[in-house]
Amino acid sequence: MDGKTRATVEEIFETVAEASPEIRAGLPSRRLKSGSENPSGEKQMAADVFADDLLQARLGNLDGVGQYASEERAEVDDVGEGFSVTVDPLDGSSNLKPNNTMGTVVGIYDAPLPATGEDLVGAAYVLFGPVSTMMCAVDGQVDEYLVDNGVRNLVTEDVALPDEPSVYGFGGRVPEWFDDFSAFADEVASDPSMKLRYGGAMIGDVNQVLTYGGIFSYPAFTNAREGKLRLQYEGYPVAYIMETAGGASSDGTQSILDVVKTDDIHARVPVHVGNESLIEKLESMLDESVDSP
Ligand code: P6P
């Protein structure tokens, strides 16, 4: 990666980190629904809109950013010249009510949006847990930072997914799972070495997998074959981070980074990320939900 690209990616990471204390401080007074819906038809929390406006202003103001897209905006914003960024401003905002984890996801692409997985030059997420951390993937490496007052402090260099899986988290309603995913889920859950870890925010659950090894899935459903999560600002970034950390990703048949959906910035994708052994097992068991027309 050339120096200019790296510097721009790091500047975007730093801008997201700098905004995080303001987003986190704004949560207590924004726990209510805003009364509006996002482009995916989900109820928007006041905090979603606040975080999105803040990040669009900060990131859109950077010289190296040309486009901004987010879960909260119907269209892509042209903001200048440079990389395209996709943002889930507050992933897991439904966790505000039960006071669970949530945070900000960012994908950085060297192409106009909607982009492809090959266009990614960086991805990161800020996780609002007991402390704020940031997982940043760029140039073949994932580094973890503590975010203190908006400043990144490196805590783990070259994060590597543990070889032995030990946690799993599967989203959605069991009756809506395809039988073959249910069979996979049963096999994983019956393994005495595996423990359930599901918190309802993708980045919190993915962070558990990155920390302990395992798998996070938000699968295809009988009534929603494309699943729930959005490719451009949820699927691609977490797949990029997981694969950069030595794990694997799948939409059920291929790496999420190989999925191409460039006609809709809000296109959905089934998401499975974690240890390669589990992803391979999953793909070998999925036929009903993926192959049928
Ligand atoms: P459910 C949060 O709203 C989100 O988009 C992801 O962060 C998370 O994985 C999923 O939805 C949770 O969905 O159906 O468990 O509420």
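What follows is calculated from the coordinates using simple rules that are stated; it is not laboratory data. In this text the structure is predicted, and so the values were computed from the model without any measurement. Positions of Cβ are backbone-derived with ideal geometry, glycine not excepted, and every protein chain shown enters the neighbour counts.
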Near Q44, within a Cβ-to-Cβ distance under 12 Å, what is the net charge of the other residues, with Lys and Arg +1 and Asp and Glu -1?
-> -3
Check S132: other-chain or 5+ apart residues with amide H under 5 Å from its amide H, H built from backbone geometry?
-> V147
The relative contact order of the chain, taking Cα pairs under 8 Å that sit 6 or more residues apart, comes to a percentage of 16
Name the shape class, rounded, prolate or oblate, that the alpha-carbon gyration tensor gives for the range 3-156, where a ≥ b ≥ c are the square roots of its eigenvalues, rounded holds for a/c under 1.5, and otherwise prolate holds if a/b is larger than b/c and oblate otherwise.
-> oblate
How high is the relative contact order of the range 212-261, in percent, with contacts defined as C-alpha pairs under 8 Å that are six or more residues apart?
-> 24
Global geometry of the range 157-215, whether rounded, prolate or oblate, following the gyration tensor of its Cα atoms and the 1.5 cut on a/c | oblate
For the range 1-78: rounded, prolate or oblate by the Cα gyration tensor [a/c cutoff 1.5] = oblate
Would you mind putting 229-240, 86-97, 69-80, 212-223 in packing order, based on average other-beta-carbon counts within 10 Å, highest first?
-> 229-240, 86-97, 212-223, 69-80
Choice from A51, A201, A224 showing the highest fluctuation, given a GNM over the chain with Cα pairs closer than 10 Å | A224
Please turn the phi angles of the range 268-282 into ³J(HN,Hα) values with the Karplus equation 6.51 cos²θ - 1.76 cosθ + 1.60 (θ = phi - 60°), one per residue in order, whole Hz, x for glycine and proline.
-> 9, 8, x, 10, 9, 9, x, 4, 4, 4, 6, 5, 5, 5, 4
When the Cα centres of the range 120-168 and the range 182-233 are compared, how far apart do they sit, in Å?
-> 19
Kindly state, to the nearest 0.05, the FRET efficiency for E10 paired with D264, given R0 = 30 Å and r defined as their beta-carbon distance.
-> 0.50
List the residues of the range 266-280 whose backbone N lies under 20 Å from a point placed 7 Å from the Cα of E187 along the Cα-to-Cβ direction.
-> 270-280
When the charge dipole of the range 181-293 is computed with +1 at the Cβ of Lys and Arg and -1 at the Cβ of Asp and Glu, the Cα pointing farthest to the positive end, of L278, V260, M242, is that of M242
Quick one: what are the phi-derived ³J(HN,Hα) couplings along the range 211-217, Karplus 6.51/-1.76/1.60 with θ = phi - 60°, whole Hz, x for glycine and proline?
-> 7, 10, x, x, 8, 10, 10
Per residue of the range 117-134, in order, report the coupling 6.51 cos²θ - 1.76 cosθ + 1.60 (Karplus, θ = phi - 60°) as ³J(HN,Hα) in whole Hz, putting x for Gly and Pro.
-> x, 5, 7, 5, 10, x, 7, 7, 9, 9, 10, 8, x, x, 10, 8, 10, 9
Counting only residues 5 or more apart in sequence or on a different chain, those whose built amide H sits under 5 Å from that of G171 are S217, Y218
Quick one: compute the contact order of the range 167-288, relative version, from alpha carbon pairs under 8 angstrom and 6+ residues apart, as a percent.
-> 30
